[in-house]
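The values are calculated or read from the model by the stated rules, or taken from the named source; none is laboratory data. Computed from a prediction, not measured in an experiment: that's the story for all the values here. All Cβ positions, even for glycine, are placed from backbone atoms using ideal geometry, and neighbour counts span all protein chains on display. Each accessible area value is taken on the protein alone, full model and side chains, heavy atoms only, with ligands, DNA and RNA left out. Shrake-Rupley method; radii C 1.70, N 1.55, O 1.52, S 1.80 Å.
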Amino acid sequence: ETLSAEQSARLDVLLRNESDVAYKRRVRRMLSWLDLQPGQNVLDCGVGMGFYSKAMLDLVPGLNVWGIDLDERVLRFAYGHLAERGVGLLQGDIHALPFADASFDRVVMSEVLEHLTDDAGGLREVVRVMRPGAVIAMTVPHRRYSWWYDPINRAAEALTGRPIRTGPFAGIWANHERLYTPEQVLEVARGA
């Protein structure tokens, strides 16, 4: 783990009201994996409401953070608490990032790939804006999610061979093109 004791304590404060234990573990692992250092250029790809950007800046002052998302609604929320921190927020499509080649030292891409129609093309575009030696921290939902996590979709898949993708019972499949096995994620990453 690359987080110092002080950073770990700060992260505990940021996550204190989060009840999802898996999310807490994911955040800690991703931020440790990135090994953030002052002065690095970081892309929060799929910034959403901006939690990762906020956490990164709280843990490592002096980062240069940009966030991009297609959803204007979540960007407005993120802008409300990130603009004053110097985060450059942009509305845009991952398949056509508005950044020069080799712009970023670190990329956060949490729970984004599964939403893309062309996951391989989107990831190739992210790789284009990464500097040689850059690090990406990426998460996706697991194809073999446990029964207790989404019993309705587990039952739907077992009975019909298809998940529920929309509506109040969509669960893990909500707005997702696909879920991944570890092998599938590696295949897409290697292809990029």
Point to revise | the stretch 83-97: number of residues that are over 15 Å from Met109 (Cα atoms) and assigned to a helix (DSSP H, G or I) | key: 4
Check your understanding: Is it fair to say Tyr23 is of a type in the set (Phe, Trp, Tyr) and closer than 24 Å to Gly133 by Cβ?
Key -> no
Practice item. For residues that are open to solvent by less than 10 Å² (accessible area, probe 1.4 Å) and not β-branched (Val, Ile, Thr), tally how many sit in the stretch 107-126. Key: 5
Check your understanding: Of the residues in the stretch 106-123, how many are farther than 16 Å from Ile68 by Cβ and touching a residue at least 60 places away in the same chain (Cβ under 8 Å)?
Key -> 4
**Study point:** Unique residue being among the aromatic types (Phe, Trp, Tyr) and open to solvent by less than 20 Å² (accessible area, probe 1.4 Å) when the list is Phe99, Phe104, Phe77
**Key:** Phe104
Check your understanding: Hey, among the residues in the stretch 41-82 that are in a loop (DSSP other than H, G, I, E, B) and touching a helix residue (DSSP H, G or I) at 6+ places or on another chain (Cβ under 9 Å), which one's nearest to Gln7 (Cα to Cα)?
Key -> Val60
Study note, to complete from the structure: Expected output for the stretch 69-92 (first residue within 19 Å of Gly122 (Cα to Cα), partner among the β-branched types (Val, Ile, Thr), Cβ below 8 Å, 6+ apart or cross-chain) is Asp69/Val47; Leu70/Ile94; Leu89/Val47; Leu89/Ile68; Leu90/Ile68; Gln91/Ile68; Gly92/Ile68
Exercise for review: Give the residues of the stretch 145-177 that are touching a residue at least 40 places away in the same chain (Cβ under 8 Å) and open to solvent by 50 Å² or more (accessible area, probe 1.4 Å), sorted by residue number.
Suggested key: Asn175, Glu177
**Study point:** In the stretch 10-39, the residues that are more than 19 Å from Pro141 (Cα to Cα), assigned to a helix (DSSP H, G or I) and open to solvent by less than 50 Å² (accessible area, probe 1.4 Å)
**Key:** Leu11, Leu14, Ser32, Leu34
